[in-house]
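The structure under discussion appears below in the form of structure tokens.
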Amino acid sequence: MNKPLIGIPGNILRGLDETYGLPISYTPQGFIDGIQAAKGVPFIFPISTPDDASYYVDQIDGLLLVGGQDISPLLSGEEPHLKLESTEPARDAFEIALIKETIAQHKPIFAVCRGMQLLNVMYGGTLYQDVSDYKELTVQHIQQTHFTKGSHTIVLDLKSQLGQVFGDSYVVNSYHHQAIKELAEPFKAVAWSKDNLIEGFESTDPEQRIVAVQWHPELMLKEDIKMQRLFTDFVKRASIAY
Ligand code: MN
């Protein structure tokens, strides 16, 4: 059986002592581990010009969007909030081009944290640039507990793909200071924190096969088989051509 090839747009790291400050293209290892354990072949893309997106997407069977910098508020017509953290506009632009091309080629997408927020923004949704702007905020979304452990509850729609994995309630980790405000049209929310922030969404059009989560399953999958299942289900979706 052929193993699906999973494209992972990488990030750039600057100013690391070990590399004498030279910039390094990378992706966090947990995503590689999750795809390999799911019998997929991970393929990291360096940040590139949006014009090259189709060259990458032509090669892959699915796109995995990972965490990192804040989304540039200019993409949703907003000025930077005082609590905005670092952004990488070249990464935003390249990933937006990859998403468009992946959808055009009817290939599935699994999005984590920043990836989920970027999908929302590029389809016209909005973000809380910092969760402190959310008036109903009562849950800590940047946990102080170790990253392999869940820290807050989510409630899920049992009919959704995420609901089928996690049931109607589960405990996940949480490392986001941004959050979804208004959800874009092509998506339906399927998981919420107890203070009602969106923690997961899926495409309303089943042909698009998009699943997005706000937490970090790649940091929990060694200890929690359900977190690994997100990667296994995604690689399975990628093995089915539409
Ligand atoms: Mn959270």
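Table for the structure above
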item: Answer residue from the stretch 133-165, given it is within 19 Å of the chain's Cα centre (by Cα) and either under 28 Å from Gly77 (Cα atoms) or of a type in the set (Phe, Trp, Tyr) (or both) and is least open to solvent (accessible area, probe 1.4 Å) among those; result: His141
item: The stretch 115-167: number of residues that are assigned to a loop (DSSP other than H, G, I, E, B), touching a residue at least 60 places away in the same chain (Cβ under 8 Å), under 15 Å from Phe201 (Cα atoms) and among the polar types (S, T, N, Q); result: 0
item: Which numbered condition Val171 fails, given (1) within 16 Å of the ligand (Cβ to nearest atom); (2) among the aliphatic types (A, V, I, L, M); (3) in contact (Cβ under 8 Å) with a residue 24 or more places away in the chain; result: (3)
item: Selected residue [among the acidic types (Asp, Glu), out of contact with any Pro (no Cβ under 6 Å at 6 or more places or on another chain) and either over 28 Å from Asp92 (Cα atoms) or loosely packed, with under 14 Cβ neighbours inside 10 Å (or both)] from Asp130, Asp168; result: Asp168
item: Count - residues of the stretch 95-114 that are outside any loop (DSSP other than H, G, I, E, B) and open to solvent by 10 Å² or more (accessible area, probe 1.4 Å); result: 6
item: Restricting the stretch 203-227 to residues that are assigned to a helix (DSSP H, G or I) and of a type outside the set (Asp, Glu), the residue that is surrounded by the fewest Cβ atoms within 10 Å (Cβ to Cβ); result: Pro206
item: Residue satisfying condition, being in a loop (DSSP other than H, G, I, E, B), surrounded by 15 or more Cβ atoms within 10 Å (Cβ to Cβ) and of a type outside the set (D, E, K, R), within set Ile8, Ile47, Ile35; result: Ile47
item: Complete set of residues in the stretch 178-202 that are part of a loop (DSSP other than H, G, I, E, B), touching a strand residue (DSSP E or B) at 6+ places or on another chain (Cβ under 7 Å) and away from the ligand (no atom under 11 Å from the Cβ); result: Lys181, Leu183, Pro186
item: Checking Thr87 against (1) over 15 Å from Phe234 (Cβ atoms); (2) touching a residue at least 24 places away in the same chain (Cβ under 8 Å), the condition it does not meet; result: (2)
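Yes/no per residue for (1) near the ligand (Cβ under 10 Å from one of its atoms); (2) under 30 Å from Asp61 (Cβ atoms):
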residue: Met122; (1), (2): no, yes
residue: Ser132; (1), (2): no, no
residue: Thr138; (1), (2): no, no
residue: Gln143; (1), (2): yes, no
residue: Leu156; (1), (2): no, yes
residue: Ser160; (1), (2): no, yes
residue: His176; (1), (2): yes, yes
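The values are calculated or read from the model by the stated rules, or taken from the named source; none is laboratory data. It should be emphasised that the depicted structure is a prediction, and the values quoted were computed from it without experimental measurement. Neighbour counts are summed over all protein chains in view; Cβ atoms, including those assigned to glycine, are modelled from backbone coordinates with ideal geometry. Note: areas computed on protein heavy atoms with side chains; ligands, DNA, RNA excluded. Shrake-Rupley method; radii C 1.70, N 1.55, O 1.52, S 1.80 Å.
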